[in-house]
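**Q** Could you have a look at this structure, given as structure tokens, before my questions?
The values are calculated or read from the model by the stated rules, or taken from the named source; none is laboratory data. In this text, all values refer to a predicted model and were calculated from it rather than measured experimentally. Using ideal geometry, Cβ is built from the backbone for each residue, glycine included, and neighbour counts are taken over all protein chains shown.
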């Protein structure tokens, strides 16, 4: 498990890895749905220096807008 830079949850995990082994890893947080790649700058990937203006308190998540489902593609 990894620490989410946005909400500090310790539940973040690997979402996927690059098709070319070792190029990048994509992580996702199940609590706040934030995702990031290992190749992004440390200001995005490091929870200790992630911009505090963009931090999220998971106890406030119920106040946020729900993301709509993406409809199926029309034929």
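**Q** Which numbered condition in (1) surrounded by 11 or more Cβ atoms within 10 Å (Cβ to Cβ); (2) assigned to a loop (DSSP other than H, G, I, E, B); (3) at pLDDT below 95 is the only one that residue 74 fails?
**A** All conditions pass for residue 74, except number (1).
**Q** Need the failing condition index for residue 62 against (1) in a helix (DSSP H, G or I); (2) touching a strand residue (DSSP E or B) at 6+ places or on another chain (Cβ under 8 Å), just the number.
**A** Every condition holds for residue 62 apart from (2).
**Q** Among (1) part of a loop (DSSP other than H, G, I, E, B); (2) modelled with pLDDT of 95 or more; (3) under 11 Å from the mean Cα position of the chain (by Cα), which single condition is residue 26 missing?
**A** (1)
**Q** If you don't mind, another one. Is it the case that the stretch 37-52 has a residue that's assigned to a strand (DSSP E or B) and touching a residue at least 12 places away in the same chain (Cβ under 8 Å)? Reasoning before the result, please.
**A** Restricting attention to the stretch 37-52, the residues satisfying the condition of being assigned to a strand (DSSP E or B) are 37.
Right, trim to touching a residue at least 12 places away in the same chain (Cβ under 8 Å) and you get 37.
Checking the stretch 37-52: at least one residue is assigned to a strand (DSSP E or B) and touching a residue at least 12 places away in the same chain (Cβ under 8 Å).
**Q** Can I ask one more? Checking residue 67 against (1) in contact (Cβ under 8 Å) with a residue 12 or more places away in the chain; (2) surrounded by 10 or more Cβ atoms within 10 Å (Cβ to Cβ); (3) out of contact with any helix residue (DSSP H, G or I) (no Cβ under 6 Å at 6 or more places or on another chain): exactly one of these is not met. Which one?
**A** (2)
**Q** When both residues are 6+ apart or on different chains and their Cβ atoms are under 7 Å apart, which pairs have a first residue that lies in the stretch 2-16 and is in contact (Cβ under 8 Å) with a residue 24 or more places away in the chain, and a second that is in a strand (DSSP E or B)?
**A** Partner pairs satisfying both residue conditions: 2/12; 2/13; 2/27; 3/12; 4/12; 5/36.
**Q** Please enumerate the residues belonging to the stretch 4-17 that are touching a strand residue (DSSP E or B) at 6+ places or on another chain (Cβ under 8 Å), surrounded by fewer than 18 Cβ atoms within 10 Å (Cβ to Cβ) and part of a loop (DSSP other than H, G, I, E, B).
**A** Within the stretch 4-17, the subset touching a strand residue (DSSP E or B) at 6+ places or on another chain (Cβ under 8 Å) is 4-5, 10, 12-17.
Pick out the ones that are also surrounded by fewer than 18 Cβ atoms within 10 Å (Cβ to Cβ) and you get 10, 13-17.
Result: 10, single match.
**Q** Checking the condition exposed (fewer than 12 other Cβ atoms within 10 Å of the Cβ) and over 12 Å from the mean Cα position of the chain (by Cα), which residue from 20, 49 passes? I'd like the intermediate steps shown before the answer.
**A** Values: 49 fails: exposed (fewer than 12 other Cβ atoms within 10 Å of the Cβ).
Result of the check over 20, 49: 20.
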